[in-house]
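To start, the structure itself, in structure tokens.
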Amino acid sequence: MDRRRLSQLFFKFSSHRIRFLSPKYEPSTPISGTIGRFRESLNQSCKAYSGSRQGFPAFRAPNLSVNHAMQLRRICSGTIEVQRNPSFSEITSDDIQHFVEILGEKNVVQDEDRLLAANTDWMRKYKGSSKILLLPNTAEEVTQILQYCNRRCLAVVPQGGNTGLVGGSVPVFDEVIINLGSMNKIISFDNVSGILVCEAGCILENLDAFLANQGFMMPLDLGAKGSCHIGGNVSTNAGGLHFIRHGSLHGNILGLEVALPDGTLLDMLGSLRKDNTGYDLKHLFIGSEGSLGIVTKVSILTPSRPSSTNIAFLACKDYLSCQNLLVEAKRSLGEILSAFEFLDSDAMDMALTHLEGVRNPLPPSLYNFYVLIETAGSDESYNKAKLEAFLLSSMEDGIISDGVVAQDINQANSFWRIREGITEALIKAGAVYKYDLSLPVKNIYDIVEEMRSRLGESAKVVGYGHLGDGNLHLNVSTPIYDDAVFTKIEPFIYEWTSKHQGSISAEHGLGLMKANKIHYSKSSESVQLMASIKKLLDPNRILNPYKVLPSSMLFND
């Protein structure tokens, strides 16, 4: 079916029609690396930043040389009670000298500006007071650092690209920061099996660019791909935009090399797709957020890069239509469906208002819901015909109200810019309370509507996310952080999610933000077993303390 015929049919069946954009359409800047660039702009202002500022109160540790009494930490406008573990030592000049002997002077950072950036998460919500940043170049250096820290009982926080959203990659107090950014070598690639072996500090976007030259691609794609590290992706079990096609990292990671808290280097760096010899220990470290060990190398299965990719940006009148569209997409597009993202009108408004150069692909109307569909395959004519037939059928059935199909890479990037730029837009709008929920697809938007009812005019509630995976990113936007708003959000949002058999963390992890909330998603028996594993692998609890699990389960024995 040619493009003119398809357009005529859409016009026949609806007052709106799917439009094929002409090359004259002016795209916005491609999204690639957006969070990395936005984070750089934030870091440039860090020098002038100290403590809290209006709208963005910091999570900040006091001068720890005075005392280690109970400290009340301020996260946005909520308060988390965290006590520095008194068994942890404080850094001394002898410690610093020992690290210099291991790494060399240039890789032991004490510069205030560089420390400020490493102590602060990219959203500037969490802020520690570490006095030292270590930059190892090899796994052996990581093990030497950990062996020493374990012996001295110095708490450690592993750090990659520092693009997390739950305070997992920055210190809470004065933990030693180990940043793996210098460990960025590609070790090997097998172009027969598609297996890539690399160091943990490799940036996701760089790995994908390397693979593109080989005819392959990374199985995950994130808005933060220009800054995030593969080691951090593994440690948080990052999901991303292509989860519906390629699944979890638990299925794509073939092997890991991990430095344990006592300095043992655990070699699980296999490259076999099938290996049933004993316990598959690598899965303990995928998603453990650096609390059980530090990932130093990764072996990952990469899929072939599709030669044909199509992007459609569609409008739906209600959430039920979005659900029906998902059902039809799975049925009709099947093996070529690679992304199915949705956003509501408030999310769209945020992007159009706060992202430079972004335009509405469906002017002049603003619809209730939008869906971005990506298809990818090896046969361009087959894939395109399949997508067009799906769009025609969906329009005939009244599931789609309007839509456009990108005709080149710039137009495709402009669509992705809207979806991937929502996080940036929300931060530019003011204070934001972010929640990453996994729910049955039928229930996903219920919590958005219920939260709007609870908050009324005091806040704007924005819903978007990976509909194909049942993953909602619920964001509450306010001019400044407000205790009255926060108390209406928490713990209600966690209670509601638990009641509907959901997860309070779909892909962002627990970090510091939700460590004490894990019981909303996991049974007491499960959490107790997790704590036992933590104590077994990290008896001194030095690795990323106060994160993932409640401190009361780890530090009170």
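The values are calculated or read from the model by the stated rules, or taken from the named source; none is laboratory data. Because the structure is predicted, anything quoted here is derived from the model rather than measured. Don't worry about glycine lacking a Cβ; one is built from the backbone with ideal geometry, like all the others, and counts go over all protein chains shown. These accessible areas exclude ligands, DNA and RNA; they are computed on the full protein's heavy atoms, side chains included. Shrake-Rupley method; radii C 1.70, N 1.55, O 1.52, S 1.80 Å.
Residues whose amide H falls under 5 Å from that of Asp402, counting only those 5 or more places apart or on a different chain, are Ala315, with hydrogens built in the peptide plane.
For the range 377-387, the Karplus equation 6.51 cos²θ - 1.76 cosθ + 1.60, evaluated at θ = phi - 60°, returns couplings of x, 9, 10, 4, 5, 5, 5, 5, 5, 5, 5 Hz by residue, with Gly and Pro reported as x.
Rolling a 1.4 Å sphere over the protein heavy atoms, what is the accessible area per residue of the chain, to the nearest Å²?
Averaged over the residues of the chain, the accessible area is 40 Å².
With 0.36 nm allotted per residue and the present C-alpha distance subtracted, the Asp190-Lys274 stretch has 28.6 nm of extension available.
Rounding to the nearest 20 debye, state how big the charge dipole of the chain is about its Cα centre with +1 on each Lys and Arg Cβ and -1 on each Asp and Glu Cβ. List each step's numbers first, then the result.
Working: 54 positive and 60 negative charges, 159 e Å.
For this selection, approximately 760 debye.
With R₀ fixed at 25 Å, the C-beta to C-beta distance from Glu457 to Asn368 puts the FRET efficiency at about 0.80. Rounded to the nearest whole Hz, the Karplus-based 3J(HN,Hα) values (6.51 cos²θ - 1.76 cosθ + 1.60, θ = phi - 60°) of the range 111-116 follow the sequence 4, 4, 5, 5, 5, 4, with x at glycine and proline.
Computed over the range 293-448, the alpha-carbon pair-distance distribution with 5 angstrom bins reads 1, 8, 16, 19, 19, 15, 11, 6, 2, 1, 0, each value a whole percent.
With Rg and the Kirkwood Rh both taken from Cα atoms, where does Rg over Rh land for the range 380-445? Please report the intermediate quantities before stating the final value.
On the way: Rg = 16.6 Å, Rh = 15.4 Å.
My calculation of the ratio gives 1.08.
Axis angle, to the nearest 10 degrees, between helix 524-537 and the longest C-alpha principal axis of the chain: 50 degrees.
In the chain, helical runs assigned H by DSSP with n ≥ 4 each contribute -39500 (n - 2.57); averaged across all residues and rounded to the nearest 500, the mean residue ellipticity at 222 nm is -9500 deg cm²/dmol.
Charged neighbours of Gly240, selected by a Cβ distance under 11 Å, balance to -3 (K, R count +1; D, E count -1).
The modelled label-to-label distance for the pair Asn360/Glu105, using points 7 Å beyond Cα in the direction of Cβ, is 6.1 nm. Between Ser505 and Ser438, the built amide H atoms are under 5 Å apart, and every one of these is 5 or more places off in sequence or on another chain.
Sort the following peptides by mean Cβ neighbour count (other Cβ atoms within 10 Å, averaged over residues), highest first: 441-450, 266-275, 342-351.
Values: 441-450: 17.6, 266-275: 13.6, 342-351: 22.7.
In decreasing order of mean packing, 441-450, 266-275, 342-351 become 342-351, 441-450, 266-275.
Against the chain, whose longest principal axis comes from its Cα atoms, helix 93-103 is set at around 60 degrees.
Simple point charges give the picture: +1 on the Cβ of Lys and Arg, -1 on the Cβ of Asp and Glu, and for the range 186-301 a dipole about the Cα centre of about 260 debye.
Working note: Cα gyration tensor of the range 186-301, eigenvalues times five, square-rooted, sorted largest first, giving semi-axes of 21, 16, 14 Å. Of the solvent-accessible surface of the chain, computed with a 1.4 Å probe over protein heavy atoms with every protein chain present, carbon and sulfur atoms account for 48 percent. Stretched out straight at 0.36 nm per residue, the stretch from Ser308 to Lys428 would grow longer than its current Cα-Cα span by 39.7 nm.
Averaging the Cα positions of each part gives two centres, and for the range 110-144 and the range 306-320 these lie 40 Å apart. Give the residue from Tyr370, Leu165, His283 lying farthest towards the positive end of the charge dipole for the chain; charges sit on Cβ (+1 for Lys and Arg, -1 for Asp and Glu) and the dipole is referred to the Cα centre. Value computed over the given set: Tyr370. The separation of the range 435-496 from the range 179-218, counted between C-alpha centres, amounts to 36 Å.
Please work out how much length the chain gains when fully extended from Glu490 to Leu536, using 0.36 nm per residue of separation minus the C-alpha to C-alpha distance, in nm with one decimal.
Numbers: separation 46, 0.36 × 46 = 16.56 nm, distance 3.27 nm.
So the extension gain works out to 13.3 nm.
Here the simple spin-label model places points 7 Å from the Cα toward Cβ, and for Glu90 and Ala389 these points are separated by 7.2 nm.
Of the listed pairs Lys282/Lys547; Lys434/Lys488; Lys185/Lys514; Lys442/Lys499, which have alpha-carbon separations greater than 22 Å here? Provide the component values of the computation, followed by the final result.
Details: Lys282/Lys547 20 Å; Lys434/Lys488 14 Å; Lys185/Lys514 33 Å; Lys442/Lys499 14 Å.
The answer is Lys185/Lys514.
Taking amide H positions as modeled 1.01 Å from N, with prolines and chain starts lacking one, the residues under 5 Å from Phe216 and 5 or more places away or on another chain are Arg305.
Of the GluC sites (Glu not before Pro) in the range 324-398, the ones in a loop by DSSP (not H, G, I, E or B) with at most 13 other beta carbons within 10 Å are Glu356. Karplus-derived 3J(HN,Hα) values for the range 204-211, using 6.51 cos²θ - 1.76 cosθ + 1.60 with θ = phi - 60°, are 3, 5, 5, 5, 5, 5, 4, 5 Hz; glycine and proline are entered as x.
How high is the FRET efficiency between Glu396 and Asp318 when r is their beta carbon distance and R₀ equals 25 Å, given to the nearest 0.05? The partial results should precede the final answer.
Values: r = 18 Å, r/R0 = 0.71.
After rounding to 0.05, the efficiency reads 0.90.
Contact order for the range 186-301, expressed relative to its length and based on alpha carbon pairs under 8 Å spaced 6+ residues apart, stands at 31 percent.
Summary value for the chain: 17 percent relative contact order, contacts being C-alpha pairs under 8 angstrom separated by 6+ residues. Between the helical axis of 34-44 and the longest alpha-carbon principal axis of the chain there is an angle of about 40 degrees.
Need one word for the chain: rounded, prolate or oblate. Basis is the Cα gyration tensor (sqrt eigenvalues a ≥ b ≥ c); a/c below 1.5 gives rounded, then a/b vs b/c decides. Judged from the Cα gyration tensor, the chain comes out prolate (a/c at least 1.5, a/b above b/c).
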